[in-house]
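Below: the structure, in structure tokens.
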Amino acid sequence: MQSLTSRPYTGRFAPSPTGPLHAGSLFAALASYLDAKANNGQWLLRIEDVDTLRNVEGACETIIQSLRNHGLNWDGDIHYQADKNSYYQTGLDQLASQGQLFYCDCTRAQLRESPGPYPGFCRQKKQVTYSHASAHAPASHAIRLDCGEQQYSFNDRVLGPQSFDMQTLGDCILKRRDSLFAYQLAVVMDDAAQGITHVVRGADLLESTAWQIALQQSLHLPPVDYAHLPVITLANSAQKLSKQTGAAALNDQYANKNLLRALQQLNQPLPLSPEQLATEAIITWAVEHWDIQKIA
Ligand code: GLU
């Protein structure tokens, strides 16, 4: 397999504990697992609980149990984001010392008046200095990365060559006005800390990849190979199947059926007489027959 990195394959599944696993999240979990194991890699589990306001009580335990019930067993300890704030702060301090951050106090109403990417209103007026990034941002200010006008390109293993112009994406938030660290910073710093070499996830995060590459480069972190999967939609609708659109929780009693449906959606071959196979045997078979190029 062509790879950006010569480090040993390390993949991950990184669910946010905002609800139980559903068919869409099983699809991403299974694809990232199969790709890691078919490449003799490690598959790590990271619970993305950095947005403490969205975490749902009990969701984390349900996700963990559901992965186990589907035969998706991770390597090593589970990594949690909620206790990593001082680590994320070191990244923010580094970016501040490089002059790449600015405070933003744009209100939602202001931003609504200029739809599209962040219009850069605060870019010039409020550079964050190194000493200020260590402290809290002034009340009701977010901290954004000045993304400049660069273009970021990468070769997605499923979708092929991708290119994003930062002017059309805008400056992403790294620390929110409620002082929670934002997903983009946490995901990049955690992928580096966990030695992740390959990310396999839903194409709803495709655009985020450009911000994440920008952050990796600014923080001098190693590059990652990306593969973005088609987004599973609600039946008879273009809407993404997600917790927000009310996707039903997986019923773990039908783990085999759930796995076979996900394999079918991934356009992978199915074993003969799968009803006679145990969950682990289906997973083993799927690892042996995994071909990422078959994904539509
Ligand atoms: N936590 C994100 C989610 O549940 C996934 C992040 C990622 O895979 O980079 O949608």
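Applying the selection to the range 57-79, what residues are of a type in the set (Asp, Glu) and over 13 Å from GLN42 (Cβ atoms)?
Scanning the range 57-79 gives GLU57, GLU61.
On the given criteria, is ALA31 closer than 26 Å to THR284 by Cβ, of a type in the set (A, V, I, L, M, F, W, C) and touching a residue at least 12 places away in the same chain (Cβ under 8 Å)?
Here the answer is yes, as ALA31 does meet what is asked.
Listed here are the residues, each with its yes/no results for (1) away from the ligand (no atom under 12 Å from the Cβ); (2) surrounded by 23 or more Cβ atoms within 10 Å (Cβ to Cβ); (3) not hydrophobic (A, V, I, L, M, F, W, C).
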{"residue": "SER16", "(1), (2), (3)": "no, no, yes"}
{"residue": "GLU61", "(1), (2), (3)": "yes, no, yes"}
{"residue": "GLN81", "(1), (2), (3)": "no, yes, yes"}
{"residue": "ASP93", "(1), (2), (3)": "yes, no, yes"}
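Which pairs have Cβ atoms under 9 Å, sit 6 or more apart or on different chains, and link a residue in the range 199-212 that is of a type in the set (Ser, Thr, Tyr) to one that is within 8 Å of the ligand (Cβ to nearest atom) and part of a helix (DSSP H, G or I)?
SER208/TYR183; SER208/VAL187
Which residues, counting only those in the range 28-38, are closer than 23 Å to GLU61 by Cα and either assigned to a loop (DSSP other than H, G, I, E, B) or more than 12 Å from the ligand (Cβ to nearest atom) (or both)?
Passing the criteria: LEU30, TYR33, LEU34.
Report, ordered by the first and then the second residue, all pairs with beta carbons closer than 8 Å, sequence separation of six or more or different chains, a first member in the range 2-18 that is at pLDDT below 95, and a second member that is aromatic (Phe, Trp, Tyr).
SER3/TYR9
Taking the range 198-220, which residues are farther than 22 Å from LEU92 by Cβ, within 11 Å of the ligand (Cβ to nearest atom) and not hydrophobic (A, V, I, L, M, F, W, C)?
Matches in the range 198-220: ARG201, GLY202, ASP204.
Given the conditions (1) touching a Gly at 6+ places or on another chain (Cβ under 8 Å); (2) not in a loop (DSSP other than H, G, I, E, B), report the number of the one that VAL56 does not fulfil.
Unmet condition: (2).
The values are calculated or read from the model by the stated rules, or taken from the named source; none is laboratory data. Only a predicted model underlies this, so the values are computations on that prediction, with no experimental measurement involved. So basically every Cβ, Gly included, is an ideal-geometry build from the backbone, and we count neighbours across all protein chains shown.
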